[in-house]
Amino acid sequence: MAEYVSATADSAKEFAKTRRSSIIAAIFLMATSAIGPGFITQTATFTVQLGAAFAFGILASILIDFVVQLNVWRMVALSRMNASALANQALPGSGYLLAILVMFGGLVFNVGNIAGSGLGLNAMLDLDPKIGGAISAAIALVIFSSKRAGAAVDRMIIWLGIVMIVLTAYVAVVSGPPLAEALRQSVFPDTINFAAITTIVGGTVGGYITYAGAHRLLDKGTVGIENIDAVNQGALSGIAVTGVMRFVLFLAVLGVVSSGVVIDLTNKNANPAAQAFQAAAGNFGLRAFGVVLWAAAITSVIGAAYTSMSFLQAFKPGISERSRNRATVVFILISLLVYLALGTAPAALLVFAGGFNGLILPLGLTIFMVIGWTRQDLLGGVPYPKWLLVLGSLVCVLTWYMAVVSVKPIFAFLGL
């Protein structure tokens, strides 16, 4: 009897440990996907253009993230289905459309992620950006070719995420940003730029990023009503981590801009974020920026590829993890080849990637709101919080509005 009790206790401890590790992995996958090279470049670009007023855009992205992620994580966990399968159950055919858009958006974003990794190694080691992008893609390919790809992904994403936060926080302190002004304009901005907000939202919660953490939990088996408290806590923790990183990065660039340093945005080959880090902390700042950008990029390459290929379930239900890893390798290779063939400046490509995924966001969120209001039978048969559906619906309307009014400005920024 004592042996049985001991075995049961050990089993419970092992289950708790596994669930905790899966939640941490999902948090950092969501956070590092949301804080990719696109977000870093977009933040620097819009902070230079808007100054402290861009604090409102950062806050808006965090609030939108809060509503979107809580709804998506909860619905995926309760339904025990990935987003495309759940969408098809509720609205036949919509899951295929969502899968195609997310995978295409993920490809666009991943080309930008590889571009960002090239920029990171250029700032860190003075490597040619295309060579740096190829090296970074090769590292991601090795990870997904490994027999223990899942564990390798989790460990790498967690440690690189910590490095990003520490280095960016250092530069933010050194740059001495006007905190009071930033806090005021978070709520009462001098100007509101919907194109900037749509782009930053797309770069932090649009496209594949919406589903990264939720699908990681699904793969780890942390689903069902019995795990819903842990899922909610994980979603909130992930949003907190990304929120802190977003404001810290914004403050780092704002401190430089407020000091009177001129950041060059006229040259589309220029790297505004690198200029800001270098102005704040000299050569060390430039190298630190390289580390931050590369860490953000390589984790986002992994997150974009992993999440985009998780949508293959829509077309091949029951696909094995091994087959999906092979597809992920192909996905990364295609992203690399597109990047090497493009003549588009990396910084412009990263801004476009965020804008494009910001246009995908309202479509996916609309499907999830329809599920929440009309198909709660798919969500474990438990009542769904009305307040979460109301907030989700309001955010859905807002993201549609921002997408419509921002199409022309986003493309105008790119000279298209």
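The values are calculated or read from the model by the stated rules, or taken from the named source; none is laboratory data. This one's a predicted model, so the numbers in the text were calculated from it and none came from an experiment. Positions of Cβ are backbone-derived with ideal geometry, glycine not excepted, and every protein chain shown enters the neighbour counts. These accessible areas exclude ligands, DNA and RNA; they are computed on the full protein's heavy atoms, side chains included. Shrake-Rupley method; radii C 1.70, N 1.55, O 1.52, S 1.80 Å.
Of all residue pairs spaced 6 or more apart or on separate chains, those with beta-carbon atoms under 7 Å, a first member in region 185-198 that is within 22 Å of LEU361 (Cβ to Cβ) and assigned to a helix (DSSP H, G or I) and a second member that is of a type in the set (Ser, Thr, Tyr) and at pLDDT below 80 are PHE194/SER406; ALA195/SER406; THR198/SER406. For region 179-190, state whether one or more residues are open to solvent by 20 Å² or more (accessible area, probe 1.4 Å) and farther than 25 Å from PHE46 by Cβ. No, the conditions are met nowhere in region 179-190. Checking the stated criteria, ASN283 turns out to be without any contact (Cβ under 8 Å) to a residue 40 or more places away in the chain, part of a helix (DSSP H, G or I) and open to solvent by 10 Å² or more (accessible area, probe 1.4 Å). Taking (1) surrounded by 24 or more Cβ atoms within 10 Å (Cβ to Cβ); (2) modelled with pLDDT under 85; (3) over 24 Å from PRO362 (Cβ atoms); (4) not hydroxyl-bearing (Ser, Thr, Tyr) in turn, LYS220 satisfies each apart from (1). Residues in region 144-160 that are crowded, with 22+ Cβ neighbours inside 10 Å and out of contact with any Leu (no Cβ under 7 Å at 6 or more places or on another chain) were compared, and the one that is nearest to ILE334 (Cα to Cα) is PHE144.
For the residues GLY255, GLY260, the requirement of being over 26 Å from PRO383 (Cα atoms), assigned to a helix (DSSP H, G or I) and modelled with pLDDT of 80 or more singles out GLY255. Filtering ASN122, ASN88 for residues that are in a helix (DSSP H, G or I), more than 17 Å from the chain's Cα centre (by Cα), at pLDDT 90 or above and surrounded by fewer than 24 Cβ atoms within 10 Å (Cβ to Cβ) leaves a single hit, ASN88.
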